[in-house]
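The values are calculated or read from the model by the stated rules, or taken from the named source; none is laboratory data. The structure displayed is predicted, hence computed values, not measured ones. We place every Cβ from the backbone using ideal geometry, glycine too, and count neighbours over all the protein chains shown. Side chains included, ligands, DNA and RNA excluded: accessible areas come from the protein's heavy atoms. Shrake-Rupley method; radii C 1.70, N 1.55, O 1.52, S 1.80 Å.
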Amino acid sequence: MAAEIHIDQLSLDYFSYLEPRSLKKSVVRSLFQREKENISIKVHIALDKISARFGPGDRVALLGKNGAGKSTLLKAIAGIYTPSSGRLSVKGSIYSILDISSGMSPDINGYENIILVGILKGKTRKEMIQKFGEIEEFTAIGDHLKLPIRTYSLGMKLRLAFGIVTSMQSEILIMDEVIGVGDRHFMNKAEKRLEYLLHQSQIVVLTSHSLEVVRKFCNKALVLHQGQNLFLGPLEAGIEFYSSIGDCGQADRK
């Protein structure tokens, strides 16, 4: 089956509830007061009528400043966030690398975490046990895999988490700033592993502040600013457009 992501006028809003009162008063009121009070509600527009279509062979870089909506769009595509309006259709199996340590438990050992994360991602216990050897070789943390991961250094946790999440394949791969973890030696191993995953996936959508990474892995760009889609097209043209826009989202005219 040919994979496809179809985004049509997709919008996503957040709601904030604002009250000019102390935390203590808020807790007391929530526990003991039942009467209605006026509450100020503020709406944050995270995505505003985004439209795009991606198919096999597309390797898409989401470009934009912090707060542009890049991670929010990735999470919407991955099914983590539900759009407020518009249409989002995804055809094909999808795998997201958004928080590489998500699902890991500090009180069980490395092998048990491999199984746990795999099951949370829809794999079976048997499938994950078959990946033990591959993950052992990639992480190179030896007998530490037999210990609770709360005893690991940060670098060891990153190696294990990255080894687990990149051991599983899908038709659509979603990534958020994961190519900068660990030391230089580990980053080289990580990039080679990601290259393999990229070649195996029909569609890739990723965010990165590194233009070097973007140029290495992507062929298209979607430029976001304050939740709006300002550009969709070839990568180099997208990078040039992104470099030219100011804080207001307008391209500089020279």
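Could you pull out the residue among G79, G69 that is of a type outside the set (V, I, T), at positive phi and in contact with a strand residue (DSSP E or B) (Cβ under 6 Å, 6 or more places away or on another chain)? Give the derivation first.
Values: G79 fails: in contact with a strand residue (DSSP E or B) (Cβ under 6 Å, 6 or more places away or on another chain).
It is G69.
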Provide a single number: the residues in the stretch 181-206 that are in contact with a Gly (Cβ under 8 Å, 6 or more places away or on another chain) and more than 24 Å from A140 (Cα to Cα). 2
Mind checking whether some residue in the stretch 201-213 is surrounded by 19 or more Cβ atoms within 10 Å (Cβ to Cβ), over 18 Å from the mean Cα position of the chain (by Cα) and over 24 Å from G79 (Cα atoms)? no
Residue count, the stretch 89-106 (criterion: more than 17 Å from the chain's Cα centre (by Cα) and either at pLDDT below 95 or surrounded by 13 or more Cβ atoms within 10 Å (Cβ to Cβ) (or both)): 4
Subset of the stretch 48-73 [open to solvent by 20 Å² or more (accessible area, probe 1.4 Å) and farther than 19 Å from I94 by Cβ]: D48, K49, S51, K65, N66, G67
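Residues of the stretch 218-235 being within 10 Å of V60 (Cβ to Cβ) and crowded, with 22+ Cβ neighbours inside 10 Å, which ones? Working first, answer last.
Narrowing the stretch 218-235 to residues within 10 Å of V60 (Cβ to Cβ): 218-222, 232, 235.
C218, A221, L222, listed by residue number.
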Just give me the residues in the stretch 119-164 being more than 24 Å from Y95 (Cα to Cα) and of a type in the set (S, T, Y), in sequence order. T151, Y152, S153
